[in-house]
Amino acid sequence: MEVRPIGRPTVFRDEFAQQLIDYFNIDAYTEKIELNKDGNPVVVKVANKFPTLARFATMIGVTRETLHDWATKKNEDGELKYPDFSYAYKRAKDYQEAVLVEG
C-alpha cells in the first residue's frame with residue numbers, strides 16, 4: 001500500500017528566495033523631479049510602498065503563514081528544508097525594518 005503525504009503539495013519554488021530579497025530590498029523613498037509654482041525643477045521625495053510579507057505572499061499566491069512555514073520547515077534530520085529561503089526570509093525582515101526606520 002502506497003503512503004501519500006498529508007495535505008496539499010507545496011507550490012514552493014527555489015526562485016522565491018531571490019524574489020523575496022528583491023521585493024524587500026528597496027529604498028524608503030524615490031526621488032523625482034517636478035516643477036514648482038515658478039516652473040523651476042525641484043527634487044521631490046516620494047515614499048515607496050512599504051513592503052510586507054502579506055503583500056509578497058499574495059503576489060505569489062500563498063499566505064504569510066506559508067512563507068513562515070517555508071522559512072522554518074525542517075527535514076527528518078533536523079536540517080532546514082529550504083535554507084536559502086530561510087535566509088532570504090530573515091534578510092527580508094531586516095530590509096523591512098530598515099525601510100521603516102529610514103522612512
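The values are calculated or read from the model by the stated rules, or taken from the named source; none is laboratory data. From a predicted model like this one, the values you see are computed outputs, not experimental measurements. Quick reminder, even Gly has a Cβ in these numbers, built from the backbone with ideal geometry, and neighbours come from all protein chains shown. Keep in mind that these areas ignore ligands, DNA and RNA; they rest on the heavy atoms of the full protein, side chains included. Shrake-Rupley method; radii C 1.70, N 1.55, O 1.52, S 1.80 Å.
What the table shows:
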read-out	value
Fraction of accessible area attributable to carbon and sulfur, the chain (%, probe 1.4 Å)	51 percent
Computed label-point distance, nm, for sites Thr66 and Val11 using a 7 Å Cα→Cβ extension	0.4 nm
Accessible area of region 48-103 divided out per residue, in Å², using a probe of 1.4 angstrom	67 Å²
Selected from Leu67, Leu80, Leu20 as most flexible by GNM, with the chain as the system and alpha-carbon contacts under 10 Å	Leu80
Debye, to nearest 20: dipole size of the chain, +1 on Lys, Arg Cβ, -1 on Asp, Glu Cβ	340 debye
For the chain, built as a Gaussian network whose Cα springs stay under 10 Å, the top-fluctuating residue of Lys81, Lys73, Lys45	Lys45
Structure-derived mean projected area of the Cα convex hull in nm² - corresponding label in [x] 6.3; [y] 6.7; [z] 8.8	[z]
Under 24 Å from the Cα of Lys37 - lysines, other chains or at least 8 residues apart	Lys45
Calculated [θ] (222 nm, deg cm²/dmol) that DSSP helices of n ≥ 4 give over the chain, each run adding -39,500 (n - 2.57)	-13500 deg cm²/dmol
Cα-based reach from Lys73 at 18 Å (exclusive), listing aspartates and glutamates while leaving out same-chain residues under 8 positions away	Asp14, Glu15, Glu65, Asp84
